[in-house]
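Only one structure is covered here, and it is reproduced in the block below.
The values are calculated or read from the model by the stated rules, or taken from the named source; none is laboratory data. What you see is a predicted model; the values in this text were computed from it and never measured. Virtual Cβ from ideal backbone geometry, glycine too; neighbours counted across all protein chains shown. The protein model used for the area step is the full one, side chains on, heavy atoms only, and it has no ligands, DNA or RNA in it. Shrake-Rupley method; radii C 1.70, N 1.55, O 1.52, S 1.80 Å.
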Amino acid sequence: MNSRYSYILILIILVFLSHNSFAKEKQLIITSGMQYAYAQKLFIQKDYDTAIIEFKRFIHFFPDSEDLDQAQFDIAVCLFNLKKYHDAARAFNEIILAGKENEITKKAFFYQSDAFMNVGNTGYAQIVLQNYLKLVEDLQTKDKIYFNLAKIHLTEARKGKSDSLTLASEYLSKMSPSGADKYHTDQYLDLIFKARNAPEKNPTAAGLFAIIPGGGFLYCERYHDAFITFLLNTGLIFSAYKAWDNDNKALAGVIAFVETGFYTGNIYGSISSAHKYNLAQTISILDQDFSISSKIDPEKRGYQLSFNYAF
Amino acid sequence: MLPRNKIIAIFVLLFVLCLCGISSAQDQNAVLRFYQKHISVVDGNRCAMYPSCSSYASRAFEKHGPIIGWIMSCDRLVRCGRDEANISRMVRVNDEEFIYDPVGANDFWWFEKEKNK
């Protein structure tokens, strides 16, 4: 009996020892460099969701690492690349508020502005850059800010915002000679000049022409609309007159009510068409000559502006 | 018996009240809602613009109230699908191409200024 117990005891000890030695073989110590490299690998593979988790793990376990700022920035870039622009803007804001004077903070300003642009908030996009402009001294960064602000105003010009072209040209004119060369501002200024001098329709004249139904549309080169408006309005006016003449006053009232809508609609539409015509001219010039785009390089986490010019 | 003129006048009054958004508690105007629910379904979506004229009218009433909404809706009905294609961009919705003409594309020249004041 005793020998049987001792066999069992030896067997248990052997099993325990073997398990322990196996566990020792599998043990792995993850250094900060390994963790950061893994998160970066995921970033390069564009697996941004997982990369965010790994960057957060890195921040949690290695809060004293020198790559901490970079990891926070990478999280924000991941959010940006995932098109979670509001979250990205918030994450870049934290980096900006930390107030460190380094390349990461500099990039964060531009990224945050771009995040606001992507959600269509050109106002905030401008404020971010204008605030940054107050903080920077070096000429190169200032030029980049001026160029980006000009780009924002050119985007606003495409939405029909008045004075946008003037503001864009003002910012371009503020750039240093070296910056002007780098960003080809002369071509942009030429483009703005062309857009300003594009053939225009006067909205007031369009409204006045619209007193004769369809006249405003005719002035705005909308010949089909002018014809339909003329037919519809004259038809309704004639019908109202006939109904009144036949002592059918209630029917005349209905027709007159409907006609009032179409007649005022004709005036409104004519003025609106003149504005739309002018906007379409601006957009077509901006589209034909230049296409400005900002790009993010996910591997280098860089911000890049590109433009095409049609000769 | 009511005279014919009075019956028509009552209809006119009802029509005007409907257009003026007596059902403002709900988002859409009663006439537009009736059109979209009962007529457009049978008639089919033949509007060349996006949003459709009835959706545009609904949005215009909601954004600018009954008077401007009514004027903008009449303007849109006249412009629907012809010369607008020359200056507005196209959008693809459910594999069909439409001329993109939202309310914002027709009030940008005065509404943004009003808003910024």
Mean residue ellipticity at 222 nm from the helices of chain A, using -39,500 (n - 2.57) per DSSP H segment of n ≥ 4 over the full residue count, to the nearest 500 deg cm²/dmol?
-24500 deg cm²/dmol
Between the stretch A:45-114 and the stretch A:121-170, the alpha-carbon center distance in angstrom
24 Å
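What does the buried accessible surface come to for A and B, summed over both chains, with the probe at 1.4 Å? Round to 100 Å².
2600 Å²
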What Kirkwood radius, in Å to one decimal, follows from the Cα pairs of the stretch A:29-121?
13.3 Å
Please list the non-local residues whose amide H lies under 5 Å from the amide H of B:Met49, H modeled 1.01 Å from N, same-chain partners needing a gap of 5 or more.
B:Ile99
Say the dipole of chain A comes from +1 at the beta carbon of Lys and Arg and -1 at that of Asp and Glu; which of A:Leu139, A:Leu191, A:Leu28 then lies farthest toward its positive end?
A:Leu28
The stretch A:100-242 shape via C-alpha gyration tensor axes, a/c threshold 1.5
prolate
Toy charge model, Lys and Arg Cβ at +1, Asp and Glu Cβ at -1: the stretch A:29-121 dipole around Cα centroid in debye, rounded to 20, equals 280 debye
Report, as an integer, the average count of C-beta atoms from other chains found within 10 Å of each Cβ along B:59-70.
1
How would you rank B:82-91, A:221-230, A:133-142, highest first, on the average number of other Cβ atoms within 10 Å across their residues?
A:221-230, B:82-91, A:133-142
Dipole-positive endmost among A:Pro213, A:Leu97, A:Thr264 within chain A (Cβ charges, Cα centre)
A:Leu97
If you project the alpha carbons of chain A onto their three principal axes, what span does each projection cover, largest first, in Å?
128, 64, 35
Given unit charges at Cβ for Lys, Arg (+) and Asp, Glu (-), the dipole magnitude of the stretch A:203-288 about its Cα centre in debye, nearest 20, is 60 debye
